[in-house]
Ligand SMILES: [Zn+2]
């Protein structure tokens, strides 16, 4: 990829990693540049961003009950050979 411009397929392929800040700074910049110029991909970006935020919110609310955690620890212990 010598051309610094991404097409839509490339931008969308990188979108998940872009939102998680897992791209190289170069690719991060290229995706941002594409989103700034492409309303179609920007819509996807908003959708994915909300989706990730919703998952993170949901994950925060989930907590393993102490009783379940204790049972898991016990099961793990009884599985170990020593
Ligand atoms: Zn696009």
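The values are calculated or read from the model by the stated rules, or taken from the named source; none is laboratory data. Just so it is clear, the structure is predicted and the values come from calculations on it, not from any experiment. Here the Cβ is made from the backbone with ideal geometry for all residues, glycine too, and neighbour counts use every protein chain on show.
Listing for the model above:
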| item | result |
| --- | --- |
| Members of the range 48-67 that are within 16 Å of the ligand (Cβ to nearest atom) and more than 18 Å from residue 10 (Cβ to Cβ) | 49 |
| In the range 51-63, the residues that are surrounded by 10 or more Cβ atoms within 10 Å (Cβ to Cβ) and free of Cβ contacts under 8 Å to residues at least 12 places away in the same chain | 51, 53, 54, 55 |
| Residue tally, condition loosely packed, with under 15 Cβ neighbours inside 10 Å and touching a residue at least 24 places away in the same chain (Cβ under 8 Å), over the range 18-32 | 1 |
| Within the chain, helices (runs of 4 or more DSSP H) holding 2 or more residues that are modelled with pLDDT of 95 or more | 8-19, 25-37, 39-61 |
| Single residue of 42, 15, 35, 6 found to be surrounded by 12 or more Cβ atoms within 10 Å (Cβ to Cβ) and over 18 Å from the mean Cα position of the chain (by Cα) | 6 |
